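All remarks here apply to the structure that follows.
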Number of protein chains: 2
Amino acid sequence: MSHDISNGANVRKPLPEKRSRREFLQTASLLPAALYLDGCASSGGQKENVNNRGDTAGSMIDYAHEPLDKVRIGIIGMGRRGLPMMRLLLAIDGVEVVAISDPFAPALDNARKLLTEHGAAMPAFYGDGDYAYRELLARDDIDAVYIATPWRWHAPMAVETMDSGKHALVEVPAALTIDECWQLVDASERTQRQCMMMENVCYGREELMALNMVREGVLGELLHGEAAYIHELRWQMKDMDEGTGSWRTGWHARRDANLYPTHGLGPIAQYMNINRGDRFDYLSSMSSPALGRQLYAQREFPADHQRNQETYICGDMNTSLIKTARGRTIMVQHDTTTPRPYTRHNLIQGTNGVYGQYPDRFALESLGDFHAWQHDMSTLQERYDHDLWKRTEEAANELGGHGGMDFVMLWRTIFCLRNGLPLDQNVYDAAAWSVVIPLSEASNADRGNSMDFPDFTRGAWQDAAPFNIRDAVSNA
Amino acid sequence: MSHDISNGANVRKPLPEKRSRREFLQTASLLPAALYLDGCASSGGQKENVNNRGDTAGSMIDYAHEPLDKVRIGIIGMGRRGLPMMRLLLAIDGVEVVAISDPFAPALDNARKLLTEHGAAMPAFYGDGDYAYRELLARDDIDAVYIATPWRWHAPMAVETMDSGKHALVEVPAALTIDECWQLVDASERTQRQCMMMENVCYGREELMALNMVREGVLGELLHGEAAYIHELRWQMKDMDEGTGSWRTGWHARRDANLYPTHGLGPIAQYMNINRGDRFDYLSSMSSPALGRQLYAQREFPADHQRNQETYICGDMNTSLIKTARGRTIMVQHDTTTPRPYTRHNLIQGTNGVYGQYPDRFALESLGDFHAWQHDMSTLQERYDHDLWKRTEEAANELGGHGGMDFVMLWRTIFCLRNGLPLDQNVYDAAAWSVVIPLSEASNADRGNSMDFPDFTRGAWQDAAPFNIRDAVSNA
């Protein structure tokens, strides 16, 4: 049954049922032209203006929309992320995939095939060029749009999504520049629509368990966290015309930054109540030399190959330090180039002990000897597995998706939307976690001098309630 | 047989055979009075002058003294470090312990007992007050002085040692302020005497093996290193009148810094040829809140106990980032407070892979699959164990001392002195590794803005040969 979200307490701008390409371009003109012309937004190592720039129309910090009986979803991007996410969404009660968009015809074919296999109702398809997604946005029967496109499209599409009266569920990172971060915040406040960055790692079993441990005081007062995206992805350079590497590789030739911080940082930020009693204050960053991609290209491609024409400037290993307003520290690393095992670190340290991953380990003073790491997770899991995980474990294990975290995230997000709860990640989180990219770039280019985080919450972080994933089981 | 070092190529200042206390105080007046009055030198979070300040009398970068038939040693400090080091020195051919000094009578008693057990010749003893060591320095039959005293005495004693014409073998850290670092450099160049900081960790089996691997190109071009001194030492707070904690605890109430960086950093610096083709360029640093020592004091001591009267300001976890002139990065952590297992990290990463410790692990592209850590060290050891380790392994294992590294360090240092070789760690290393303390303090106090390293080598790093431990076996 269709549910008209315009009946909700929060009025949205009315939109014509269909608009011409010309009208879409007019909407786009509200955004800086460079976003669409350049292909890659970059702060170029310059310190951008970090001041609070907009008027506050009403903080989104604890915002919850009216409950939705059914969540009508549009999906933009049917590639390596969008397609598997649609598969999971089809498995969740109360979800209707209404429309999908992708300019790459085989991607839509893949979607048709998957939908047919699942016996699902066929949504509307929009595939006529890069801006076909605007036809999806012009519909009035969509509540939320999942955006799974290349990075440079995330922020502009999320802004347009909110301006069309829909919630934006946007892949990581949500934004690439400080300006884009503010655009998201301004749009969310202006439209009173959610902008949730879909940071799936926050829904991993271990991350949820660690959140539980932190909230139950097992680690004592928090002191320090460590996050990373260390994931060798040189092989993606072989994606030339399609696939992640076809667009991701270019960033390594354009920006020397901590390019992909949110997977590691999101959970640490939640443990530390960032934007909810604490906030990121400043950041220093240093990159190692950029050598690995050049060496890989020389080894894997002919001398005249496009991959051998690029100059890769993104330091193979970036290490950034964040200080929070309450004085805590976070180390965030990025390395998708060096041959070494995967890790997100996920280390959280307090006055009573430490929990970390890769490998799973912990040391707690309360357990007696803390001089050797403990590796048996079963005791912790038995005691601290999160209710949300226990509730969704069976389906998560069955359906897969990064060890279940994708399913748990989607299930939980749909649950919140259907129950009128605030989403776990608001627009301020999207901005604060993503802005590490331009801030690290600027600090690294300025001899590691620190860069201030904008206070995207405009002060609201000080009085916000601590973060938790509440009501995960009740009212289902 | 006595060996007169004044016959060497490098002329030293003649010293009277014995001098009065008054004369010693005159010598001391060359040093800043505050060193002796304050008890604790501190840069107070201020940016100190980092410019090259002295005239260059002749770089010590590749300095080697005339070979010594026998190395006549004086030892200042017979506490928890000096005594075991004397035991090891007694086991090395060509060493004569000529004199020892400590103002704490039971320490000298322990020394007498040990010497008697070993049937060793009884050295001269100097124990009359804090400045008794000057009587030791006044002797003309000593080649080198081992300084194993509380931190604040290291630099002043090393300077006086060199000014008395003797080589200074000084415990870590060699200095506590930028000014002290320069005093060491100036004194070493002025007197043409060695100032070796006795960084024992550089002589660990794994560190020597990693050095070998790096020099043989196993890791490819170096990119990044990680170092730490994470060692829970709250229990030392129970040392009240003697023992390390009796003076070390005070630093946690006086400086918010990376207090003890050299154990982790020394080996990484050697892998990276710091001061020999590369150098530390700048540093950013952030400390977590300082909570653990206060909590420990509340738990372990009565409310009116001295440990509950102090305000501990040194952040429980300090994380510092260093950038080198060649663009490499190093992360250095310090935490002696949080309940967690020991680690020095000792992680070194290059374009071909990574080696690290705690636990021992490596991943190398040349071995095929690098997506999982390898933990079997035997293959690496068979192939890359250092000649120095193989030469000294048996005695090191028998005599002990931090897993053998203490013995290897002493054996190697004596070997170099007897063979007229440069010591492995010169005064520039002592200064560059130790200056992390004041630089991290200043950066941490300045919102993580970066602090420039002084170029203690005055430019000589650029043309210096790469670091290696050469000739360890030949000419013994």
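Numerical summary
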read-out: Failed condition for B:Tyr358, given (1) crowded, with 21+ Cβ neighbours inside 10 Å; (2) more than 7 Å from chain A (Cβ to nearest Cβ); (3) assigned to a loop (DSSP other than H, G, I, E, B); value: (1)
read-out: Those strands (runs of 3 or more DSSP E) lying entirely in the range B:127-233 with at least 3 residues polar (S, T, N, Q); value: none
read-out: Those residues of the range B:289-306 which are in a helix (DSSP H, G or I) and within 28 Å of the chain's Cα centre (by Cα), in sequence order; value: B:Gly292, B:Arg293
read-out: Residue satisfying all of: in the range A:138-150; open to solvent by 10 Å² or more (accessible area, probe 1.4 Å) and out of contact with any Lys or Arg (no Cβ under 7 Å at 6 or more places or on another chain); nearest to A:Glu66 (Cα to Cα) among these; value: A:Asp140
read-out: Residue in the range B:244-265 that is surrounded by 19 or more Cβ atoms within 10 Å (Cβ to Cβ) and farther than 28 Å from B:Pro339 by Cβ present; value: no
read-out: Selection count, the range B:361-377, where residues are at the interface with another protein chain (Cβ under 7 Å from one of its Cβ atoms), touching a Gly at 6+ places or on another chain (Cβ under 9 Å) and of a type in the set (Gly, Ala, Ser); value: 1
read-out: Output for the range B:282-339, where each listed residue is within 18 Å of B:Trp247 (Cα to Cα) and of a type in the set (Ser, Thr, Tyr); value: B:Tyr296, B:Thr311, B:Tyr312, B:Thr336, B:Thr337
read-out: Selection status of A:Asp446, at negative phi, within 14 Å of chain B (Cβ to nearest Cβ) and among the charged types (D, E, K, R); value: yes
read-out: Candidate set: the range B:295-307, residues that are in contact (Cβ under 8 Å) with a residue 60 or more places away in the chain and within 14 Å of chain A (Cβ to nearest Cβ); chosen: the one most open to solvent (accessible area, probe 1.4 Å); value: B:Glu300
read-out: The range B:250-288 - residue that is in contact with an Asp or Glu (Cβ under 7 Å, 6 or more places away or on another chain) and in a loop (DSSP other than H, G, I, E, B) and, of those, farthest from the other protein chains (Cβ to nearest Cβ); value: B:Asn275
read-out: Qualifying positions in the range B:322-346 - of a type in the set (S, T, N, Q), touching a Gly at 6+ places or on another chain (Cβ under 7 Å) and closer than 13 Å to B:His231 by Cα; value: B:Thr337, B:Thr338
read-out: Residue identified as within 17 Å of B:Ala168 (Cα to Cα), in a loop (DSSP other than H, G, I, E, B) and touching a Phe, Trp or Tyr at 6+ places or on another chain (Cβ under 9 Å) among B:Ile92, B:Ile61, B:Ile73, B:Ile100; value: B:Ile61
read-out: Test for B:Gly74: is it touching a residue at least 24 places away in the same chain (Cβ under 8 Å) and surrounded by fewer than 23 Cβ atoms within 10 Å (Cβ to Cβ); value: no
read-out: B:Glu189 at pLDDT 95 or above and touching a Pro at 6+ places or on another chain (Cβ under 8 Å); value: no
read-out: Listing of helices (runs of 4 or more DSSP H) fully contained in the range B:364-476 that carry 1 or more residues being under 21 Å from the mean Cα position of the chain (by Cα), over 17 Å from B:Ile92 (Cβ atoms) and at pLDDT 95 or above; value: B:427-434, B:436-445
read-out: Odd one out for B:Asn426 among (1) open to solvent by 10 Å² or more (accessible area, probe 1.4 Å); (2) under 19 Å from B:Pro67 (Cβ atoms); value: (1)
read-out: Members of the range B:308-355 found to be over 22 Å from B:Glu206 (Cβ atoms), within 9 Å of another protein chain (Cβ to nearest Cβ) and buried (at least 21 other Cβ atoms within 10 Å of the Cβ), listed by number; value: B:Gly315, B:Asp316, B:Met317, B:Asn318, B:Thr319, B:Ser320, B:Leu321, B:Lys323, B:Thr337, B:Thr338, B:Pro339
read-out: Hey, A:Gly220 surrounded by fewer than 24 Cβ atoms within 10 Å (Cβ to Cβ) and within 14 Å of chain B (Cβ to nearest Cβ) or not; value: yes
read-out: Long-range neighbours under 6 Å by Cβ, at least six apart or interchain, first residue closer than 15 Å to B:Asp360 by Cβ within the range B:194-208, second in a loop (DSSP other than H, G, I, E, B); value: B:Glu206/B:Gln357; B:Leu208/B:His386
read-out: Only listed residue being within 23 Å of the chain's Cα centre (by Cα), open to solvent by 10 Å² or more (accessible area, probe 1.4 Å) and among the charged types (D, E, K, R), chosen from A:Asp109, A:Asp130; value: A:Asp130
read-out: Considering residues of the range A:87-101 that are farther than 14 Å from A:Ala395 by Cα and in contact (Cβ under 8 Å) with a residue 60 or more places away in the chain only, the residue surrounded by the fewest Cβ atoms within 10 Å (Cβ to Cβ); value: A:Gly94
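The values are calculated or read from the model by the stated rules, or taken from the named source; none is laboratory data. All figures in this text were calculated on a predicted structure; none of them were measured in a lab. A quick note on method: Cβ atoms are made from the backbone with ideal geometry, for glycine too, and the neighbour counts reach across all protein chains shown. What goes into the accessible areas is simple: the full protein's heavy atoms, side chains included, and nothing from ligands, DNA or RNA. Shrake-Rupley method; radii C 1.70, N 1.55, O 1.52, S 1.80 Å.
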